[in-house]
Each structure stands twice: as structure tokens, then as C-alpha cells.
Amino acid sequence: MVRLGNSELNIQINLQGGCLMVATFRGKPFLKPAPVGCFPLVPFGNRVAGNQFRFRNQTHVLRPNTKDDQLYLHGDGWLAPWRVVDESQTHVRLVYEHQASHQSPYSYRADQTVAINGTTLKLDLSVENRGDVALPFGLGFHPFFPRTPQTRLRAPAKLFWSEKTGHLPDTAGPVPDDLNFAAFNHLPDRWVNNAFAGWDGTAQIDWPEARMTAAISSDPLFSQYMIHAPEDRIDFFCFEPMSHLPNGHHLPDLGDLTILEPDDKLSGGITLRIDEMKD
């Protein structure tokens, strides 16, 4: 476990999965506490239909990496041990190296930096293709946020993807009213597991009961996000900045996945600024 702290923020990172397990502002959690608060998505996020994809006339096969899902899920980084390469009281840089195997054709090196400055938490993630062939890569973050009856979200997006069997995106269309976060809105009391595209990279979460707010900003790489809010767990929701759409391997233009030739690199970051809510 790695601990970062100052007078405002306390962050604890588990090297298993490179996950932020604890994140508090003046003692109040702004990420859902352990077992998982926020983990990196690398070499891409979410799922791939059929556990395979075809790229440059070659079919690549994936195999399930969890017990609970039939599809390979969220890449490798969230399940694997990372190592510390640089550390101080206010930042840590972690590295994970993955070799292609029967489970995934991807070989890569991932770097994740977690840093705090005053009330700001900065997360940076990069991936370098260490394989012999080009492949589509993507990055993302999967934070779990506390959810209270008054929690509200603002995250403008232009397009909404419905969900089909296997928790895969189905069709794109207008953003429905109960999931329209162009202005502050509460999450609906139903299952939500959808992708949103055309995001401007800014968002805000307010927790009125805790008198706390989080302003989120992302690098231009992250122009999509996912929202996951299960019906049977009303104590959290996930707002996941992503560089690509789920199942991008099967979508036009690869759903904004980035083709990395051998030794090419992809990087981006997000910032969370935590503050007391103003009256």
C-alpha cells in the first residue's frame, strides 16, 4: 500500500491493480472506499463482443479474465501487480508490464502517476506498445463515487449508446432526459450501464449531504465516458472517462481506439478538484 497525504487529501493506493482504495477530503470520502475506489483501464476498457476482433487481416482472440464475466473485461492493469518507480509524500509513479499470452494478444508497458497538490488529485496514465505488431489501444479510469439521495452530476455529452445483451453498446442516439447531464441531474432509480460520446471533458459531482463537490477535467483524449449504476447498490455509481467507446474493436473508426505501432505510446490524464460546497 502506498499512502499520499497533505492537509486536505488522503490517498491510499493498492499496488495490486494500481487501485486507489481510499480517497478523502478533510476526512470525507470522495471515492467509494475499498475494496475498489478507482482503477486504471489499460490496454483498453470495457468488453469486446465475442472475445475476439479482426484487425489488419488477422483475428485476435481474448479469453475471460474474471470469474463473473464471460467476456474479457477492462484490460489487465486492474487485476495485476504494479511496481513503484518513483515516490514522495505527494506523488507516486507506478509501472506495469504485460506480455502477450493465450488470454490477450497485447504486449505493453503501462505507467500510472497519482499526484496531489492542495485539494487537487491528478491521475495520469500511458501505454506503450511493446509487441511486434500494431494493435488498437485505449485508456480510461474507472472511479467509484459515493452515491447519496441528493447526489447530482453534470457532464455534458452529445450522444448516448443503449445497452444490449452482454453489457455491450447497442445503438447510438439522443441522450434521454433522465440521463441528460448537460445541467445538474440526479441518477435515475434504475439500472444504468451506458456509454456517452461527445463529452467536452468537464464534469462536476455534488454531494449536498456532505457539503462537498468534485470538479473533474480531462485531457482531450478522453471524449467519452461510461456511467454504471446498479439497481441493487444505491451507495455508489461509476463515472468512467474513456478514450474510446466500449466494444470499439467492432465499431466504425474503431470507436476512437488508437492504433499504436510497435514502440508507439498513448497517454492522457484527468484531474479531480475537491472543495466544500458553497451556499
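The values are calculated or read from the model by the stated rules, or taken from the named source; none is laboratory data. Note that this is a predicted model, so its numbers are computed, not measured. Every residue, glycine among them, receives a Cβ derived from its backbone with ideal geometry; neighbour counts consider all protein chains shown. Keep in mind that these areas ignore ligands, DNA and RNA; they rest on the heavy atoms of the full protein, side chains included. Shrake-Rupley method; radii C 1.70, N 1.55, O 1.52, S 1.80 Å.
Taking a ≥ b ≥ c as the square roots of the eigenvalues of the alpha-carbon gyration tensor, region 66-163 is classed oblate because a/c is 1.5 or more while a/b is no larger than b/c. How many angstrom lie between the C-alpha centres of region 130-145 and region 249-277? Measuring centre to centre over Cα atoms gives 7 Å. Under 12 Å from a point 7 Å along the Cα-to-Cβ line of residue 154: which residues of region 179-218 have their amide N that close? Within reach of a label on residue 154, which here means backbone N under 12 Å from a point 7 Å along Cα→Cβ, region 179-218 contributes 181-185, 202-206, 214-216. A DSSP coil position with no more than 16 other Cβ atoms inside 10 Å describes the following chymotrypsin sites (Phe, Trp or Tyr not before Pro) in region 109-186: 184.
Rolling a 1.4 Å probe over the protein heavy atoms of region 1-123, with every protein chain left in place, gives an accessible area that is 47 percent carbon and sulfur. Based on Cα contacts under 8 Å between residues 6+ apart, the chain shows a relative contact order of 19 percent. Between residue 57 and residue 89, the FRET efficiency from the beta-carbon distance, with R0 = 51 Å, is close to 0.50.
Computed over region 135-240, the P(r) curve from all C-alpha pair distances, binned at 10 Å from the origin, holds 14, 49, 32, 5, 0 percent per bin. Averaged per residue, region 1-134 has 43 square angstrom of accessible surface, using a 1.4 angstrom probe with ligands and nucleic acids left out. Relative contact order of region 176-279: 27 percent, from C-alpha pairs under 8 Å at least 6 residues apart in sequence. Restriction of the trypsin sites (Lys or Arg not before Pro) in region 160-243 to DSSP coil positions whose beta-carbon has at most 14 other beta-carbons within 10 angstrom yields 190, 211, 233.
Semi-axis lengths, largest first, of the ellipsoid equivalent to region 95-147 are 28, 13, 9 Å, with √(5λ) applied to each eigenvalue of the Cα gyration tensor. Are there any GluC sites (Glu not before Pro) in region 171-279 that are in a DSSP loop and have at most 11 other Cβ atoms within 10 Å? List them by number. Answer in residue order: 231.
Tell me whether the chain comes out rounded, prolate or oblate; compute the Cα gyration tensor, take square roots of the eigenvalues as a ≥ b ≥ c, and use a/c under 1.5 as the rounded threshold.
In terms of gyration-tensor shape, oblate.
Cα-Cα pairs above 23 Å in region 1-150: how many percent? So the pairs more than 23 Å apart make up 39 percent of the total in region 1-150. Over all other residues within a Cβ to Cβ distance under 11 Å of residue 44, the charged ones net out to -1, with Lys and Arg as +1 and Asp and Glu as -1.
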